[in-house]
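What follows is one structure encoded as structure tokens, with my remarks underneath.
The values are calculated or read from the model by the stated rules, or taken from the named source; none is laboratory data. Fair warning: this is a prediction, and the values are worked out from it, not measured in the lab. Glycine gets a Cβ as well: all are built from the backbone with ideal geometry, and neighbour counts include every protein chain shown. Just so you know, the surface numbers come from the protein's heavy atoms only, side chains and all, with ligands and any DNA or RNA stripped out. Shrake-Rupley method; radii C 1.70, N 1.55, O 1.52, S 1.80 Å.
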Amino acid sequence: MKTLLRLLQRYYNWGLCYRDSTRSVGLIRIGLVLLIWSEWAGKLILCRDVRPSGILLNSAFFLFTGLMCIGLWTRVSSIGAAILVSIMFNIHQSFKHHHTFLLVMVVCFIALTPCGRSYSLDRWLALRRSLKSGLPPPPEIGNLWGLRLIAIQLSMVYFWTGYEKLYWGFLSGARIELLAYNYYAGYDYASIPGFSILCSVIAITTVTLEFLLAFGLYIPRFRKYLMPAGIVLHVLFYLLLPIRTFTLAMILLYLAFIPASSVHHFIDNMHKGYEPA
Amino acid sequence: MTPANQYQSDKTAMEEIAESKLAIVCRVVAFTLLMLYVVFGPFYKQVLKGRGNLFRSWQMYHTRGIDVCDVQFYIRHPDERIEHIDHLQVLGRDKLLGSHHHSRRIMGERGVLRVGQRIRQKMGGAVDLRVNARIGTRDGWKTLYVDKRIE
């Protein structure tokens, strides 16, 4: 019983008592909107759907995501954006991809954090108010439980994609060969010596790395090795396969695994010694 | 006060702010429900093979490459000599450039026969055009044709 209570306490502390710098969530907020625009905006410009309901919905999408990006009335705009992207995802059949689902989930999670306390117009306005009133500036700190959900979401992406590949057809490298024939047709791959072995090595490495990333990113000692390995993996996916925003989203969301205080201090250190003109 | 010290004192101050019990309970419930959705949604779809759109699986690229064919066309001459032919070259397409991957690859049994018939039209009906082909399946390559004559 005591062990269970201790576990519950740890779960509560880890997930719900994570009060730290809001710079990570501020950066994710901006990056997410840019990614979701690059994925959807072309299909949502007003001329695409001239019905009044379509114009209204698409205008609301651009309004709320725009406000979220610049960080104005961020609490409201990010919740509005989360509701709208969830609706859009469900009504547009062409949006129903894994990578857009990831973006939708993360927009919902980031809306649960005080993501407007850093890198936002809200922050700038708050600083201006504090300057006028002579009070200290508001802290860039908040409860980041949404960031924990993002971390869990990323782990599950790695875990379940790895799980999906646990069958002989993939581990033998045959499915990698099929991808080569599918996207890079024109070469006689069968005549290349060691091609099948190379595909098998790629397949096993990918699955191993996915399982390591699913759990290892939580462990600081492993993180410094796994994060660059994960970035290389995603960059290769991006260059070799038509996966669009998925790579950039995953790399951006690695911020959820880096302690927010480290990100805060890293940015502080970058500005050290800067003297405004 | 340095930025680092300011940050630490702000953090301490924030930790001391008391929150209402209702807010804490709501947060615990929301966090737990969302976490369960993220963790067990794919379990429901991928392990239990559940249906419906409420939950999502993480099966990326699991159908890509299925039905793609590895094809080798060749002519069997009357003296039993075999002459391999490059179907893209015969059909007047650049082997690697100038076309989308959709038009370079051959998909499915019908695709193999269609390309075979186009080669036959180009080369004339008198040649003994044959094909060896294998097709991509979820479990890997499966033999489709061995020394099949294109009619």
May I ask you to give the solvent-accessible area per residue for the protein assembly as shown, in square angstrom, as obtained with a 1.4 angstrom probe? 54 Å²
On a 0 to 90° scale, report how tilted helix A:52-70 is relative to the longest principal axis of chain A, with both axes built from alpha carbons and the result rounded to the nearest 10. 80 degrees
For the full complex of protein chains and a 1.4 angstrom probe, list B:ASP147, B:ASP70 by accessible area with the highest value first. B:ASP147, B:ASP70
Would you kindly find the accessible area of A:HIS271, with a 1.4 Å probe and non-protein molecules such as ligands, DNA and RNA excluded, rounding to the nearest 10 Å²? 110 Å²
Where in the range A:5-33 does accessible area fall by at least 40 Å² between the isolated chain and the complete protein assembly, at a 1.4 Å probe radius? A:TYR11, A:TYR12, A:LEU16, A:ARG19
Got the relative contact order for chain A handy, in percent, Cα pairs under 8 Å and 6 or more residues apart? 24 percent
Answer with one residue from A:LEU7, A:ILE36, A:CYS47: the one whose Cα lies farthest towards the positive end of the charge dipole of the range A:5-51, charges on Cβ with Lys, Arg +1 and Asp, Glu -1. A:LEU7
List, by residue number, every residue in the range B:122-151 with a reduction of 50 Å² or greater in accessible area between the chain on its own and the complete protein assembly, 1.4 Å probe. B:ARG138, B:TRP141
May I ask you to derive the relative contact order of the range B:69-149, considering only C-alpha pairs under 8 Å and at least 6 residues apart, and to give it as an integer percent? 35 percent
Leaving ligands, DNA and RNA out of it, rank A:TYR158, A:TYR218 by accessible area with a 1.4 Å probe, largest first. A:TYR218, A:TYR158
Over all residues in B:62-68, what is the mean tally of Cβ atoms on other chains that come within 10 Å of each residue's Cβ? 5
Can you give the average number of partner chain beta-carbon atoms within 10 Å of each beta-carbon in peptide B:37-45, as a whole number? 4
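Name the shape class, rounded, prolate or oblate, that the alpha-carbon gyration tensor gives for the range A:125-178, where a ≥ b ≥ c are the square roots of its eigenvalues, rounded holds for a/c under 1.5, and otherwise prolate holds if a/b is larger than b/c and oblate otherwise.
prolate
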With the crude spin-label approximation of a point 7 Å out along Cα→Cβ, what separation in nm comes out for B:LYS21 versus A:LEU166? 4.3 nm
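Over all residues in A:136-147, what is the mean tally of Cβ atoms on other chains that come within 10 Å of each residue's Cβ?
Counting other chains' Cβ atoms within 10 Å and averaging over A:136-147 gives 3.
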Rounded, prolate or oblate: pick one for the protein assembly as shown, where a ≥ b ≥ c are the square roots of the eigenvalues of its C-alpha gyration tensor, a/c under 1.5 means rounded, and failing that, prolate if a/b is larger than b/c, else oblate. prolate
Report the accessible surface area buried between chains B and A, summing both sides, using a 1.4 Å probe on protein heavy atoms only, in Å² rounded to the nearest 100. 5100 Å²
Amide H to amide H under 5 Å from B:ILE85: which residues, 5+ apart in sequence or cross-chain, H placed 1.01 Å off N in plane? B:PHE73, B:TYR74, B:ILE75
Keeping the other protein chains in place, figure out the carbon and sulfur percent of the accessible area of the range A:144-259, with a 1.4 Å probe. 77 percent
Solvent exposure, largest accessible area first (probe 1.4 Å, DNA, RNA and ligands not counted), of A:MET270, A:MET105, B:MET123: A:MET270, B:MET123, A:MET105
Measure of exposure for A:ARG244: accessible area at 1.4 Å probe, Å² rounded to 10, is 110 Å²
Fully extended, how many nm does the chain gain between A:ARG10 and A:LEU72 (0.36 nm per residue separation, minus their Cα-Cα distance)? 18.8 nm
With the Cα gyration tensor of the range A:1-117 giving a ≥ b ≥ c as the square roots of its eigenvalues, does the rule (a/c under 1.5 for rounded; else a/b larger than b/c for prolate; else oblate) give rounded, prolate or oblate? prolate
